[in-house]
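S.K.: Shown below is the structure under consideration.
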Amino acid sequence: MLPLAFVIICCVAFTILGLVVLTLLPVFRLTFVNLVLFVLGAVPGGIAFLFLYGKLFARDQLSDKAFYGIFPILLLGGVSGGTLAVWSKMNFAKAQSMRKSR
């Protein structure tokens with residue numbers, strides 16, 4: 001039950017984060033497809049950053065400093081993963097349109 005709650009909370013948080021990032025970056029357009037791709041890239045990105053953070057800083061026991069670092073790392077991983085997913089989609093679409101125009 002706890003992993004399901006984690007995924008739901010992450011999806012809501014990453015949706016809000018995706019709305020902010022896609023609105024503030026003029027290179028990316030705020031569309032439904034881009035928002036869904038952002039969330040789909042943010043969840044594994046956040047989990048990967050948390051895993052690396054845990055391996056580096058929380059070896060035996062989770063101290064207070066390490067616990068407070070989890071949240072910024074989760075957001076940083078979400079932004080990185082989501083942005084990478086949307087950027088990859090945009091480059092793939094650009095390559096497809098260039099291939100069709102030849």
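S.K.: So how do S97, S80 line up by other beta-carbon neighbours within 10 Å, fewest first?
M.R.: Fewest-to-most ranking of S97, S80: S97, S80.
S.K.: For A66 and L25, what is the calculated FRET efficiency with R₀ set at 30 Å and r taken between the beta-carbons, to the nearest 0.05?
M.R.: With R0 = 30 Å, the Cβ-Cβ based efficiency is 0.45.
S.K.: Using only Cα atoms and rounding to the nearest 10 degrees, what angle (0 to 90) does helix 64-101 make with the longest principal axis of the chain?
M.R.: 10
S.K.: How big is the Kirkwood radius of the chain, worked out from every pair of different alpha carbons and given in Å to one decimal?
M.R.: 14.7
S.K.: When the chain is treated as a GNM, springs tying every alpha-carbon pair under 10 Å, which of L56, L75, L17 comes out with the largest mean-square fluctuation?
M.R.: Sorting by GNM fluctuation, first place goes to L56.
S.K.: Work out the length of the dipole vector of the chain about its Cα centre, built from +1 on the beta-carbon of each Lys and Arg and -1 on the beta-carbon of each Asp and Glu, and round it to the nearest 20 debye.
M.R.: 660
S.K.: As I understand it, the value is the acute angle between the Cα axis of helix 2-24 and the longest principal axis of the Cα atoms of the chain; what does it come to in degrees, rounded to 10?
M.R.: Once rounded, the angle reads 50 degrees.
S.K.: Compute the acute angle (0 to 90°) between the alpha-carbon long axis of helix 32-57 and the principal axis of greatest extent of the alpha-carbon atoms of the chain; round to the nearest 10°.
M.R.: So the helix axis and the longest Cα principal axis differ by about 30 degrees.
S.K.: So how much slack lies between S80 and A5, counting 0.36 nm per residue of separation and subtracting their Cα-Cα distance, in nm?
M.R.: Fully extending the segment from S80 to A5 adds 24.8 nm.
S.K.: Related question: Using a basic spin-label model with each label point 7 Å from the Cα along Cα→Cβ, how many nm lie between M90 and V33?
M.R.: Taking the simple label geometry, M90 and V33 are separated by 1.4 nm.
S.K.: Using helices alone, what [θ] at 222 nm do you get for the chain, with -39,500 (n - 2.57) per DSSP H run of 4 or more residues, divided over all residues and rounded to the nearest 500?
M.R.: -30500 deg cm²/dmol
We did not get these values from a lab; they are worked out from the coordinates using the rules stated. As the structure is a prediction and not an experimental result, all values here were calculated from the model. Reconstructed Cβ throughout: ideal geometry from the backbone, glycine too, with neighbour counts over all protein chains shown.
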